[in-house]
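A.B. asks: Quick one: this structure, given as structure tokens, is what I'll be asking you about.
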Amino acid sequence: MAQKKLAQDGLWTRANTLFKPNLKQADIALIGIPVHRLSLTPNSCHLAPKAIRAALARYSTYSGSADMDLRDLKIADLGDITGADSLAGKKIIGKKVAGILDKYGLLIALGGDNSITYSLASNLFPDLSKVGVITLDAHHDLRDGNSNGSPIWRLIKSGVSGKNIVQIGISDFANSKEYSDRAKECGITVISRDQLRSRSIKDAMRQAFASLGRSVEQIYVDIDVDVVDRAAAPACPASVPGGISADELRQAAFLAGKNYKVRAIDITEIDPKRDSKDERTVRLAALLVLEIAAGYNAR
């Protein structure tokens, strides 16, 4: 069934109009990394960047609670990285993002599966020992090998200190004891889903930034949307019932965008083919982009 054309209103600016193709310099840059071949579970996450961009048209540019209009921001859309889902993907991504943080204040990357976290972070920052990583994820992603289950382990092996990693939303029965032990051995700070039942996501994010403190110069934030309750994120192959709420993740996205040390944020693990008819997961991802932008605008 063909999608109905969205209504036009000169006094209701649609959020998709914020993103201008290939601006040479801007406050924020958006880039798509449509990969899925390294996923442990077969999926179509490579379709997410296009779907998320389309969903942005369903939202306005104005945050009433903050009395903030994002039209004040300069935002570039750099398109998708062609060839990122190949054996040479990491090198291709590296060429595309070389020097990108010199031109843009913040990079938002649309996955694609969670393997992009390693490929992107390892190419963006020449000295990973000075980089902090915050993950919002149901999983540790500390597996051996090269998959969407291994990006954090690969970053550690490439130079990120475990003490400079904070993982928020780690779920019960979604990780093995062996990988939980690995997180402890590496010195990773873990704020579990269970802990979030008695504290706010705002408090958890505050702890994450405080724990990194002066030990890092720049921060990379990985938003794996499967951290959200499966009822709100059916398009995430590994989401579990009982994850955090969509609203909590929106708050976290805003706070990530607001922190001046955060230079790059990815949004991953959404398979549009698995989404509900109302596209709730893809629409949440579009809102995450806007929350990040609002946070950046509040710096």
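A.B. asks: Tell me which residues, restricted to region 109-129, are over 11 Å from residue 222 (Cα atoms), of a type in the set (Gly, Ala, Ser) and either free of Cβ contacts under 8 Å to residues at least 12 places away in the same chain or buried (at least 24 other Cβ atoms within 10 Å of the Cβ) (or both).
C.D. replies: 112, 119
A.B. asks: While we're here: Please go through region 183-202 and pick out each residue that is more than 19 Å from the chain's Cα centre (by Cα) and more than 14 Å from residue 163 (Cβ to Cβ).
C.D. replies: Matches in region 183-202: 194, 195, 196, 197, 198, 199, 200.
A.B. asks: Can you tell me which residues in region 219-253 are surrounded by fewer than 24 Cβ atoms within 10 Å (Cβ to Cβ) and under 15 Å from residue 108 (Cβ atoms)?
C.D. replies: Correct list: 219, 250.
Listed here are the residues, each with its yes/no results for (1) buried (at least 21 other Cβ atoms within 10 Å of the Cβ); (2) in contact with a Gly (Cβ under 7 Å, 6 or more places away or on another chain); (3) in a loop (DSSP other than H, G, I, E, B).
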| residue | (1), (2), (3) |
| --- | --- |
| 66 | no, no, yes |
| 76 | yes, no, no |
| 86 | no, no, yes |
| 95 | no, no, no |
| 107 | yes, no, no |
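A.B. asks: Follow-up question, since we're still on this one. Could you say whether any residue in region 20-34 is among the β-branched types (Val, Ile, Thr), more than 24 Å from residue 275 (Cα to Cα) and not in a loop (DSSP other than H, G, I, E, B)?
C.D. replies: To start, the set of residues in region 20-34 that are among the β-branched types (Val, Ile, Thr) comprises 28, 31, 33.
Cutting the leftovers down to more than 24 Å from residue 275 (Cα to Cα) gives us 28.
Next cut, not in a loop (DSSP other than H, G, I, E, B) only: 28.
For region 20-34, residues among the β-branched types (Val, Ile, Thr), more than 24 Å from residue 275 (Cα to Cα) and not in a loop (DSSP other than H, G, I, E, B): present.
Residue-by-condition table, conditions (1) modelled with pLDDT of 95 or more; (2) within 18 Å of residue 142 (Cβ to Cβ); (3) small (Gly, Ala, Ser):
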position	(1), (2), (3)
164	yes, yes, no
173	yes, yes, no
183	yes, yes, yes
199	yes, no, no
203	yes, no, no
209	yes, no, no
214	no, no, no
240	yes, yes, no
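A.B. asks: Follow-up question, since we're still on this one. Is there a residue being among the basic types (Lys, Arg), in a strand (DSSP E or B) and either out of contact with any Pro (no Cβ under 9 Å at 6 or more places or on another chain) or closer than 18 Å to residue 124 by Cβ (or both) anywhere in region 242-258?
C.D. replies: Narrowing region 242-258 to residues among the basic types (Lys, Arg): 250, 258.
Those left that are additionally in a strand (DSSP E or B): none.
Looking for residues that are among the basic types (Lys, Arg), in a strand (DSSP E or B) and either out of contact with any Pro (no Cβ under 9 Å at 6 or more places or on another chain) or closer than 18 Å to residue 124 by Cβ (or both), one finds none in region 242-258, hence no.
A.B. asks: Run residue 70 past the list (1) surrounded by fewer than 19 Cβ atoms within 10 Å (Cβ to Cβ); (2) touching a residue at least 60 places away in the same chain (Cβ under 8 Å) and report the number of the one that doesn't hold.
C.D. replies: Checking residue 70 against (1) surrounded by fewer than 19 Cβ atoms within 10 Å (Cβ to Cβ); (2) touching a residue at least 60 places away in the same chain (Cβ under 8 Å), the one that fails is (1).
The values are calculated or read from the model by the stated rules, or taken from the named source; none is laboratory data. Treat the numbers as computed from the prediction; the structure is a model and nothing was measured. So basically every Cβ, Gly included, is an ideal-geometry build from the backbone, and we count neighbours across all protein chains shown.
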